[in-house]
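The values are calculated or read from the model by the stated rules, or taken from the named source; none is laboratory data. Model, not experiment: these values are computed from the prediction. Note: ideal-geometry Cβ built from the backbone for every residue, glycine included; neighbour counts use all protein chains shown. Accessible surface is based on the protein model in full, side chains and every heavy atom, while ligands, DNA and RNA are left aside. Shrake-Rupley method; radii C 1.70, N 1.55, O 1.52, S 1.80 Å.
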Amino acid sequence: MGDSSFNAKYLAAFEEKKNWYNTVQLPKIQDNYRLHLVCVNNLFDALVKKSLINPDPYKKDKKISQIVSPEDTSFNENERANVLGIRFSDYQSMVDFICNYMKFTVDQLTMDKIKRLLDLNATFGWTNLSPNSPKINTRSMAFCINAARNGAQPIQIAMINDSMNKTVEAINFINNGLRELADFQKSAYKAAVRSSILAREDFDWSKTTAEAPMLAEIKRLYPGNMPKHSFNAELVHEIIEEETSDSRSVLQEQELAKFKIVAAPKKEKEKKTVDTHEVIMEIVRLLGTSGEQYQVVVEKLANNNSILQAQKNTGMMKFIRFWRKLFNLAEPEVEYNIVITDSATQQSKKERLNYTEFFNNLVKRAKYYSAIVSPQSGVFGKISAQTNDKILDFLNKQTAENTRLMQVLSALDDYFKANVSQLERSKIKGIKPELSFVKSIMVKINQSKAECIALIEENEQMKKLGIAK
């Protein structure tokens, strides 16, 4: 009854869909995990600053080899700061492990790993963070997030809200993608059976006239050809149905339909004239969102620099500082020899960085960007008062400066990690997640600028044709 033609079609369609997962969908899921990690780091730091949680002092000693969800057992309210701090630290480490050490491929993300990831994502119920949740971790996290907002500065509240909104979007995308992948993994098993058994030259297609003989034929070849897969009776039965049943043509169509790759719907071009100035100012506001990340970077750099400078606190240095203070002499500027790598050419060069000047300028940039997020701010108003061409020039200058800035920050991050003593290394705070987030903002700005310029040109053309005023 069955024949090898559908088997070949199935395997070809499966490979195409698998390639789509490996090159399109799974990289998106990984990117959303990276976005989630930035948000988690922001929230973690915010809760620590408000003394709502205490970081796990043994975090650096814990080795991660596989995904394990933090505990969810009950605890008393007076234990919240310590227990939630440990569980949040564990969660943070797990997400970091996922982003930096896990391979996002169909072959690597087995059903077991998918289940572990989904269980981990549900640790704090991000998509429904309620103080009334029956789950202790979710309930406690909701309490702490609400407490962190109380009495906080507007910029800190905005950062918390933005991190929460982005993490909900990221987790929703991740969970939906993982559930779809779990269904695809069933097809992967069936493809393995079809490839390793049905596609073999010694597979007897004459046995596909009915369920019993075909099952016997598959079982005959199974042990020697699929030693790493346990026999899945349910999925093998589906394969047999697709080859032997009276409705096999319908079942085969349904199977092939599962591998159809649905392209993202293209947005129709707006026919009416769009206020391009308003569009440009939205890009300016997008630039301003990087201020939150730079503020976190500023705090981490200050911490790292203090640790490194404390190592130089020798008797001679104390003596020199004493005489400087006695004669009211300014402290010398701090300089570091860093290695900057060009992201485009991958070429590295040594550079002497005036850290004091660089840090002060970074503080100013973080404040400036944070100010332009609000349309009511004076800074935003000054920019908005300029012509579109000048604002686009401003954006071009800012993106260029940020590209250079991220190269220096990445080099500085490496310098701190490499030059601090082994005893103090666990205290150094890495800034790569924030830099990754800023980079994504800059990519979006460049895309938006290109779309805006095309829109301006389209509007000008419409005016020439008398279609728009």
Label-point separation in nm, Glu201 to Asn19, each point 7 Å along Cα→Cβ: 2.7 nm
Label-point separation, Asn337 to Tyr58 (7 Å along Cα→Cβ), nm: 4.1 nm
Nearest-10 value in Å² for the accessible area of Val95, using the 1.4 Å probe: 0 Å²
Asp162 - accessible surface, heavy atoms, 1.4 Å probe, Å² rounded to 10: 40 Å²
Length added when fully stretched, Asn446-Phe231, from 0.36 nm per residue minus Cα-Cα: 72.3 nm
Neighbourhood net charge (13 Å Cβ-Cβ; Lys/Arg +1, Asp/Glu -1) for Ile136: 0
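What is the dipole size for region 358-434, taken about its Cα centre, with +1 at each Lys and Arg Cβ and -1 at each Asp and Glu Cβ, in debye to the nearest 20?
I would put it at about 200 debye.
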Dipole moment magnitude, nearest 20 debye, the chain about Cα centre, only Lys, Arg, Asp, Glu C-beta charged: 1860 debye
222 nm mean residue ellipticity, helices alone, for the chain (DSSP H n ≥ 4; -39,500 (n - 2.57); rounded to 500): -22000 deg cm²/dmol
Full-extension gain in nm, Asn360 to Thr105, via 0.36 nm per residue minus C-alpha separation: 87.5 nm
Which listed pairs, of Lys427/Lys449; Lys18/Lys300; Lys63/Lys364; Lys18/Lys439; Lys17/Lys207, have C-alpha distances above 31 Å, in listed order: Lys427/Lys449; Lys18/Lys300; Lys63/Lys364
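Rounded to the nearest percent, how much of the accessible area of the chain (1.4 Å probe, protein heavy atoms only) is carbon and sulfur?
Here carbon and sulfur together make up 52 percent of the probe-accessible area.
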Top positive-direction residue, dipole computed over the chain with Cβ charges, set Ile456, Ile174, Leu287: Leu287
Residue-wise HN-Hα coupling along region 418-435, computed from phi with Karplus coefficients 6.51, -1.76, 1.60 (Hz; x: Gly, Pro): 7, 9, 7, 5, 4, 5, 9, 4, 5, 8, 6, 9, x, 10, 4, x, 5, 5
Hull volume in cubic angstrom per residue (convex hull over the Cα atoms of the chain): 242 Å³
The chain: relative contact order in percent, alpha carbon pairs under 8 Å with at least 6 residues between: 18 percent
